[in-house]
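Okay, structure first, notes after.
The values are calculated or read from the model by the stated rules, or taken from the named source; none is laboratory data. These numbers come from a predicted model, not from an experiment. Cβ: placed from backbone, ideal geometry, glycine included. Neighbour counts: every protein chain shown.
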Amino acid sequence: MSHELRTPLNSLLIFTNNLLKDKDKNLHEQQLNSLNIIHHNGKDLLKLVNEILDLAKIESGKETVIIEKIYISDITFYVDDLFRISAESKNLTLLIITDPGLPEYFFSDRGKVVKILNNLMSNAIKFTSKGKIIVEFKYQTSDEKVNYIRPIVISITDSGIGIPEHLHQSIYNEQRYAHPFTLFMFDIDSFKSINDSFGHIKGDEVLVKIADILSNSLRKSDIIGRFGGDEFLVLLGDTAIDIAIGVVEKIRDKIRRIQLIDTPELTITISGGICQHQRNNTQKTLISTVDALLYKAKLNGKNRIESEENNDLRKIKKQILIVDDNDEFRKMLKDILEILKFSVILAENGKKGLDILKNNSVDLIICDVLMPEMDGFEFIDIIRKKDKKVKVIITTGGGRIDASTYLTAADELGADGIIQKPFSIEEIEDLINELLN
């Protein structure tokens, strides 16, 4: 597959590059501009294809690491050649510093090292308007060795936007108190592609809508900082991570539902990391942790929130039982709920549902009304005699019985909600979220 995708793109780039040289001087300015656009977009498309193929390798467990000898001087020359002109065009100072005690070379995967450097340097230049960028090659500050080898660190420091000063001060203030607080860092998935495909005005519209969602979803005491263009950092004071995750997931859901003028096909998603402050954590450690979690969310496929794996307060999946005699509907609803991160159990009628509940605890039941062997009303009646806490949603096909009849019966039996087929993903998601907080 990689060959079939890359070969035609590479051919396109080679031919357009040759045409751009215009050796015979027979192309006018408009033609050269058109070729330049084709060449530029072709490179962007090839980069996107490479990223998709790399992600596919990682997800399938087929990604390989090629260890080779890498000379530090080669990497410093590479960074200097590729980025100095870009830096100087913005009046930025580029400093490349090598610790004199380092060896001539180290062992790693050169392709991956270069790719990481490209991403970090591109962002550093993009989001730094004045000052300097420092690329430093040094030993890890800790004396701890890994397999008797002292790791080499390549660090990139810039004087860019960074975290706003008021956020630094707010984090410091929170650290002085004993109560927990949580940091949430996120950015907009593929924001550059939105700007490139739909224009910067559309990008600004997205930013405004996200800012509105944040201001309407958070408390006045919560602090919001924007840095790096499309990156945001939110401080949820006096909030433990289990509560914060609920708040953050609601924000992510609202952002996913953003409707943009003239571009209804455009879906906005975010990726983020969330972390609760631990005692004795420095501010730098806390921010580095949440930043690493954001990066992890990106690597794991975007449109997701990552929390610390070793945090005992991480979100636990809610379990839902679907009771419906329609095979296709059960499977369809199961797919939807699993996308929404719920655990799902299926039953084809009320009797099977009761059998499942003998050995399983669920948080919510979604039940059809008209089913063979045992209908939804009888099923719910039995459930309510045993368990008054479990949430129950009745689904109706409409048309067979007057809607008011369903509402009356559902209310008498103690159902918590009713929804009529066909319903949208948003309708069922809203009802579930409301019932399960």
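Among the numbered conditions (1) of a type in the set (Val, Ile, Thr); (2) closer than 26 Å to Lys192 by Cβ; (3) modelled with pLDDT under 85, tell me where Thr282 comes up short.
Only one criterion is unmet by Thr282, namely (2).
Among the residues of the stretch 354-364, write down those that are at pLDDT 85 or above and loosely packed, with under 13 Cβ neighbours inside 10 Å.
Within the stretch 354-364, Asp355 is the sole residue that qualifies.
Among what's in the stretch 137-182 and is within 24 Å of Ile245 (Cβ to Cβ), touching a helix residue (DSSP H, G or I) at 6+ places or on another chain (Cβ under 8 Å) and not in a helix (DSSP H, G or I), pick the residue that is modelled with the lowest pLDDT.
The qualifying residue modelled with the lowest pLDDT is Ile163.
Filtering the stretch 417-437 down to residues that are more than 20 Å from Asp253 (Cβ to Cβ) and surrounded by 12 or more Cβ atoms within 10 Å (Cβ to Cβ), which residue is modelled with the highest pLDDT?
Of the stretch 417-437, the ones more than 20 Å from Asp253 (Cβ to Cβ) are 418, 420-422.
Remaining after also requiring surrounded by 12 or more Cβ atoms within 10 Å (Cβ to Cβ): 418, 420-421.
Values: Ile418: 83, Gln420: 78, Lys421: 73.
This residue is Ile418.
Among Lys351, Lys341, which is modelled with pLDDT under 85, touching a helix residue (DSSP H, G or I) at 6+ places or on another chain (Cβ under 9 Å) and not assigned by TED's automatic domain parsing to the domain that holds Pro180?
After applying the criteria, what remains is Lys341.
Which one of Leu266, Leu286 is touching a residue at least 40 places away in the same chain (Cβ under 8 Å) and not in a loop (DSSP other than H, G, I, E, B)?
Leu286 is the lone residue from the list that is touching a residue at least 40 places away in the same chain (Cβ under 8 Å) and not in a loop (DSSP other than H, G, I, E, B).
Tell me whether the stretch 372-380 contains one or more residues that are under 30 Å from Val248 (Cα atoms) and at pLDDT 85 or above.
No, that holds for no residue.
Do we find that Ser307 is over 13 Å from the mean Cα position of the chain (by Cα) and of a type in the set (Ser, Thr, Tyr) in this structure?
Considered against the rule, which asks whether it is over 13 Å from the mean Cα position of the chain (by Cα) and of a type in the set (Ser, Thr, Tyr), Ser307 comes out as no.
Got a sec? Which of Ile213, Ile243 is under 17 Å from Phe186 (Cα atoms) and β-branched (Val, Ile, Thr)? Give the derivation first.
Values: Ile243 fails: under 17 Å from Phe186 (Cα atoms).
Only one candidate passes the filter, namely Ile213.
Residue-by-condition table, conditions (1) in the same structural domain as Thr128 (by TED's automatic domain parsing); (2) in a loop (DSSP other than H, G, I, E, B); (3) hydrophobic (A, V, I, L, M, F, W, C); (4) modelled with pLDDT under 85:
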| site | (1), (2), (3), (4) |
| --- | --- |
| Leu53 | no, no, yes, yes |
| Ile75 | yes, no, yes, no |
| Asp80 | yes, no, no, no |
| Phe83 | yes, no, yes, no |
| Ser86 | yes, no, no, no |
| Leu94 | yes, no, yes, no |
| Leu102 | yes, yes, yes, no |
| Phe106 | yes, no, yes, no |
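Would you mind finding the one in Lys112, Lys90, Lys192, Lys132 that is at pLDDT below 85 and not acidic (Asp, Glu)?
Lys192
Report yes if Leu260 is closer than 22 Å to His179 by Cβ and hydrophobic (A, V, I, L, M, F, W, C), otherwise no. Spell out how you get there, then give the answer.
Details: closer than 22 Å to His179 by Cβ: no; hydrophobic (A, V, I, L, M, F, W, C): yes.
So Leu260 fails the test.
Do we find that Lys334 is in a helix (DSSP H, G or I), over 30 Å from Ile171 (Cβ atoms), charged (D, E, K, R) and touching a strand residue (DSSP E or B) at 6+ places or on another chain (Cβ under 6 Å) in this structure?
Criteria met by Lys334.
Pull up the stretch 202-260, narrow it to residues that are basic (Lys, Arg) and under 19 Å from Asp430 (Cα atoms), then point me to the one that is nearest to the chain's Cα centre (by Cα). First the steps, then the outcome.
Here is the first cut: in the stretch 202-260, the residues basic (Lys, Arg) are 202, 209, 219-220, 226, 250, 252, 254, 256-257.
In the following step, the residues that additionally are under 19 Å from Asp430 (Cα atoms) were identified as 250, 252, 254, 256-257.
Numbers: Lys250: 14, Arg252: 9, Lys254: 14, Arg256: 11, Arg257: 15 Å.
Across the stretch 202-260, the extreme among qualifying residues is Arg252.
Kindly establish whether Tyr172 is surrounded by fewer than 16 Cβ atoms within 10 Å (Cβ to Cβ), more than 19 Å from the chain's Cα centre (by Cα) and within 14 Å of Leu286 (Cβ to Cβ).
Yes, satisfied.
Matching residues to (1) basic (Lys, Arg); (2) surrounded by 15 or more Cβ atoms within 10 Å (Cβ to Cβ); (3) outside the structural domain of Lys220 (by TED's automatic domain parsing); (4) closer than 17 Å to His179 by Cβ:
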residue: Ala244; (1), (2), (3), (4): no, yes, no, yes
residue: Lys250; (1), (2), (3), (4): yes, no, no, no
residue: Arg256; (1), (2), (3), (4): yes, no, no, no
residue: Arg279; (1), (2), (3), (4): yes, no, no, yes
residue: Thr282; (1), (2), (3), (4): no, no, no, no
residue: Val290; (1), (2), (3), (4): no, yes, no, no
